[in-house]
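What follows draws every value from the coordinates through simple rules; no lab data is involved. Not measured: the values here are computed from a predicted model. Every residue, glycine as well, gets a Cβ built from its backbone with ideal geometry; the counts of neighbours run over all protein chains shown.
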């Protein structure tokens, strides 16, 4: 078992394994009827929120003021997506929870985000690679979701697609610049790519949530996104003189609430205020 | 690793609406033209300030020398007849 495998399961060994029924409610033991829309909205919302929080960590620390702004802008786009999805999920659930409750009052095991987005920033290049891989995936996903039979998801996709095109443009531009830049910058983004590539397997491996959503004709089968995603990603890697890492078929289970230890630390910071002063407003 | 030189400065011009001219709004640092557009977008249009952007390297702008200000601009001061203020405008003319 590699150290990363250990991380993936840390903190989850003692937890009851998430099942399809408690996944879609987000609360174990809840009596809410299974609605595939709820779990799917949480999954997409958690992706956006967790990545936004990561990007927010750069504020005040980015190498240039302009990049500080860029990361903050992308983070705000993602928070907008998360808010939309959490409001929608809360409405579907109909148990009086608000978007804030979903964001700030759930435990790591109840977060359904991809393992990719919770990975730490490490350095600027690493952050760019993570954004690049994720934005490319979001682009393919949102293009399909625009025609979802669920209008709320279709509306979100249409709006988010425009934002994501910019995230893609921004991160792809930087990836080429760093990859085809100095020896140091090339080494750093190649290392980041080598490290993060294994998390992309989860992007295209349907979990319970995806399967339920696909079955209900809400969302595409994520496995079908892989070919267009690669077609989008590979030319940029080439332009940046970067080598596509070998595929790793390790099964990540972020979508089932099993996370690396990084998510817990991220949530401690993000949720501190609402956990300490529940319902605080300002 | 040697310390990188600071990125060059670009001047940013924003067109607020279709039909209006681009107006100078400020400047940003960027390594190249593409990055300059992205930085300008993030810094100057995130509150719906515009629909089009121009960026130009500050170094490419030819500016008048402040020391020449008197020679260049002073002579215009006493030539108020260059302002079209001596015409009476007929009432029928609305958009002047």
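Can you pull the mean other chain C-beta count within 10 Å for peptide B:33-39? Walk me through the numbers before you get to the answer.
Details: counts 0, 5, 8, 1, 2, 10, 7.
Mean shielding count: 5.
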Query - Cα-projected label distance for residue A:147 with residue A:211, points at 7 Å along beta-carbon direction, nm - result: 2.6 nm
Requested in this report: Please determine, in degrees from 0 to 90 and to the nearest 10, the orientation of helix A:151-179 with respect to the longest principal axis defined by the Cα atoms of chain A, where the helix direction is its Cα long axis.
Outcome: 30 degrees
Query raised in the report: Shielding of A:159-169 by partners, i.e. mean partner chain Cβ atoms within 10 Å per residue?
Result: 1
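Report, please, the projected area of chain A averaged over directions, based on the convex hull of its C-alpha atoms, in nm². Intermediate values should be presented prior to the final figure.
Numbers: hull surface 58.4 nm².
Average projection, Cα convex hull of chain A: 14.6 nm².
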**Report entry** Stokes-Einstein D for region A:178-282, Kirkwood Rh over Cα pairs, 20 °C, 1.002 mPa s (µm²/s)
**Finding:** 127 µm²/s
Query - Sorted peptide list for B:40-49, A:57-66, criterion being average Cβ within 10 angstrom, highest first - result: B:40-49, A:57-66
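Using a 10 Å cut-off around each Cβ of peptide A:66-79, what is the average number of partner chain Cβ atoms that fall inside? Could the numbers behind the result be given before it?
Numbers: counts 12, 5, 1, 7, 6, 1, 2, 5, 1, 0, 1, 0, 0, 0.
Averaged over the peptide's residues, the number is 3.
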Query raised in the report: Can you sort A:132, A:124 so the residue with the fewest Cβ neighbours within 10 Å comes first?
Result: A:124, A:132
Query raised in the report: Taking Cα atoms of region A:148-219, Rg/Rh with Kirkwood Rh, to two decimals?
Result: 1.14
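So for region A:110-166, Kirkwood radius off the Cα pairs, Stokes-Einstein at 37 °C and 0.692 mPa s: how many µm² s⁻¹?
Numbers: Rh = 12.4 Å.
This corresponds to a translational diffusion coefficient of 264 µm²/s.
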Query raised in the report: Between region A:163-200 and region B:35-93, what's the alpha-carbon centroid distance in Å?
Result: 40 Å
Query raised in the report: On a 0 to 90 degree scale, rounded to 10, what angle separates helix B:33-44 from the longest Cα axis of chain B?
Result: 70 degrees
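Beyond 13 Å, what share of the Cα-Cα pairs of region A:35-99 is found? Please give it as a whole percent.
Values: 1287 of 2080 pairs.
When every Cα pair of region A:35-99 is considered, 62 percent fall beyond 13 Å.
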Query - Tilt relative to chain A, helix A:261-276 - C-alpha long axis, 0 to 90 degrees, to 10 - result: 50 degrees
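Neighbouring Cβ atoms within 10 Å as the yardstick, rank A:112, A:270 fewest first.
A:270, A:112
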Report task. Report relative contact order for region B:9-82 in percent, whole number only (criteria: Cα-Cα under 8 Å, sequence separation at least 6). Result -> 34 percent
Report task. Consider just the alpha-carbon atoms of region B:9-82 and return their Rg together with their Dmax, both in angstrom. Result -> 16.3, 48
**Report entry** Theoretical FRET efficiency, 1/(1+(r/R0)^6), r = Cβ-Cβ of residue A:180 and residue A:268, R0 41 Å, to 0.05
**Finding:** 0.60
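Kirkwood Rh, Cα Rg: Rg to Rh for region A:44-148?
Details: Rg = 14.5 Å, Rh = 14.6 Å.
Result for region A:44-148 is an Rg/Rh of 0.99.
What percent do you get for the relative contact order of chain A when only Cα pairs under 8 Å and 6+ apart count? Could the numbers behind the result be given before it?
Values: 397 pairs, mean separation 72.5, N = 282.
Over chain A, the number comes to 26 percent.
Please arrange A:40, A:126, A:272 by counting, for each residue, the other beta carbons lying within 10 Å of its beta carbon, fewest first. Kindly include the intermediate steps, with their values, before the conclusion.
Numbers: A:40 29, A:126 19, A:272 11.
Fewest to most other Cβ atoms nearby, the residues stand as A:272, A:126, A:40.
Ranked from highest to lowest mean number of other Cβ atoms within 10 Å per residue, what is the order of the peptides A:245-251, A:147-153, B:89-95, B:61-67?
Working: A:245-251: 11.3, A:147-153: 16.0, B:89-95: 6.1, B:61-67: 7.7.
So the peptides A:245-251, A:147-153, B:89-95, B:61-67, ranked by packing, come out A:147-153, A:245-251, B:61-67, B:89-95.
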